[in-house]
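Structure record follows, encoded as structure tokens.
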Amino acid sequence: GMKITPQSMFSKECAIHTIGIILKERFADCGGQANDCVNTLSKLCRATSEARLRTIICSSCISIIQGGGSRILDLHPEIMRIAVKHSVDKSPELRESVAYLLKSIVGYSNEGGVPAEQLLSLAIKGLEDENGCVQNAFAETVAAIFTDQINCYVESQEQAKVGIARGTPSESDGKSGITSLTRSKSVGPTSRLSIAKLRDFSSQPKKIIESYELKAVVEHIIKQITKQSGTIRSGYLIALGYLVKDCVQTLSDEDLEWLTSTVFGILHDANITTISYEDMAFLRARISYMIRSSLTSNLSEVKLRTFAVSLTKFVSTLDGNGKLDAEIQLAFNELELIVMTLRSAAISVVDDIIAAATVYLRHASYGVRSA
């Protein structure tokens, strides 16, 4: 019932921040207090109307998760409630903090934490946010969830192969590829929340995607990009960029070639070819930025040449009709950047690029000829 003055508000902010730092840095000594701290922060979050205080509470929860890791899995449902409650708050800073709060518990879905589908359903809603910083944060979280599940899928496939080699079949659901050999669960000394609280998030929600194999995830995101429009389309594009950036080092030459044709195929989709010239130009610019920030800037010299070969093959197989003008322009723009980046190292691919470009010098579209 105490009236909150500026002095008392600053004191609360300092205390909340200090709680997070202590549990992050000295969890081994203070981990037994994590349950009480999270419950207190949750109650304070519900009681206060100050967006700044709620934002600091979210940041403190992130610190607690970083310190406790899998030892505080039983606290994740309570932290998830904080995220759900404030994911649509009026304050953009608070919504951005919620996105990063979700991201902080991503890696524990397969250890008994909040299910990945539960995290995805909330994070995907954030892709519709009109605030660019908030949308970017939720897109980063969506990509992190997908990346974590893709890694689990790869891990399960490797475990299955080992099991077959040893003559011990692995249990799998046949779709997601996640076997019963999931990451080990570890519950620390803070297991004092009621079973009912854990049960709220333990039931599996409706699946958003059937398989977490990389190609299936990319195809799912691209399907949403072509099906949606406006803000949410941009949100999925940003998420795709973060996902590709996270997985780029593991891509084989075949994967890179497939990814090239798949991403450029967005502009050839039936839902996209009907949009206005201005919207097409904007979409092409967004895709170009995504390719440059997630692929071109993160590939090694060898992989850049492979990427250049993939783009060259892509433009060489096009029939040059009007619907593909945007694809051709985009491909040649990216090839130009790759050649400028590689400089003398591009000598092995330059001849093929010139040969492919020469074919389009008589194209009817000025934009294509310029590219």
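The values are calculated or read from the model by the stated rules, or taken from the named source; none is laboratory data. Since we're looking at a predicted model, the values are computed, not measured. Using ideal geometry, Cβ is built from the backbone for each residue, glycine included, and neighbour counts are taken over all protein chains shown. What goes into the accessible areas is simple: the full protein's heavy atoms, side chains included, and nothing from ligands, DNA or RNA. Shrake-Rupley method; radii C 1.70, N 1.55, O 1.52, S 1.80 Å.
With the helix formula -39500 (n - 2.57) applied to DSSP H stretches of n ≥ 4, the chain reaches a computed 222 nm mean residue ellipticity of -21500 deg cm²/dmol.
Against the empirical 2.2 N^0.38 Å (N residues), the stretch 35-112 has a Cα radius of gyration ratio of 1.01. The magnitude of the dipole of the chain, with charges of +1 and -1 set on the Cβ of Lys/Arg and Asp/Glu and taken from the Cα centre, is near 1100 debye. The 3J(HN,Hα) values that the Karplus relation (6.51, -1.76, 1.60; θ = phi - 60°) gives for the stretch 236-249 are, in residue order, 5, 5, 5, 4, 4, x, 5, 5, 4, 4, 5, 9, 4, 6 Hz. Gly and Pro appear as x. Ordered from highest to lowest accessible area with the whole protein assembly present and a 1.4 Å probe, Thr147, Thr231 read as Thr231, Thr147. Note the angle between two axes, namely the Cα long axis of helix 132-166 and the longest principal axis of the Cα atoms of the chain, as a number of degrees from 0 to 90, rounded to the nearest 10. Result, in degrees: 90. Separation of the stretch 63-95 and the stretch 258-281, taken as the distance between their Cα centroids, equals 37 angstrom. Per residue, the convex hull spanned by the Cα atoms of the stretch 234-371 amounts to 101 cubic angstrom. Heavy-atom accessible area, probed at 1.4 angstrom with all protein chains present, ranks Cys30, Cys152 as Cys30, Cys152, highest first. Rolling a 1.4 Å probe over the protein heavy atoms leaves Met280 with an accessible area of roughly 30 Å².
Applying a threshold of 23 Å to the alpha-carbon distances of Lys103/Lys227; Lys43/Lys85; Lys161/Lys207; Lys215/Lys303 flags Lys103/Lys227; Lys161/Lys207 as lying beyond it. A convex hull fitted around the alpha carbon atoms of the chain yields 182 Å³ per residue. Solvent-accessible surface of the chain, averaged per residue with a 1.4 angstrom probe and all protein chains in place: 49 square angstrom. Counting only the Cα atoms, the stretch 22-165 fills a convex hull of 107 Å³ per residue. For the options Ala51, Ala83, Ala345, a Gaussian network treatment of the chain with springs between C-alpha atoms closer than 10 Å singles out Ala345 as fluctuating the most. Taking 7 Å steps out from each Cα toward its Cβ at Ser121 and Cys14 produces label points 4.3 nm apart. Working note: Karplus 6.51/-1.76/1.60 with θ = phi - 60° gives the stretch 74-87 the couplings 5, 8, 4, x, 5, 5, 5, 4, 4, 5, 4, 5, 10, 5 Hz, where Gly and Pro are set to x. Taking the charge dipole of the chain about its Cα centre, with +1 at Lys and Arg Cβ atoms and -1 at Asp and Glu Cβ atoms, the residue from Tyr212, Ser370, Phe282 reaching farthest to the positive side is Tyr212.
Only the Cβ atoms of Lys and Arg (+1) and of Asp and Glu (-1) were treated as charged; on that basis the dipole of the stretch 1-149 about its Cα centre amounts to roughly 520 debye. Taking amide H positions as modeled 1.01 Å from N, with prolines and chain starts lacking one, no residue 5 or more places away or on another chain lies under 5 Å from Glu213. For the chain, the longest principal axis of the alpha carbon atoms and the long axis of helix 253-264 meet at an angle near 90°.
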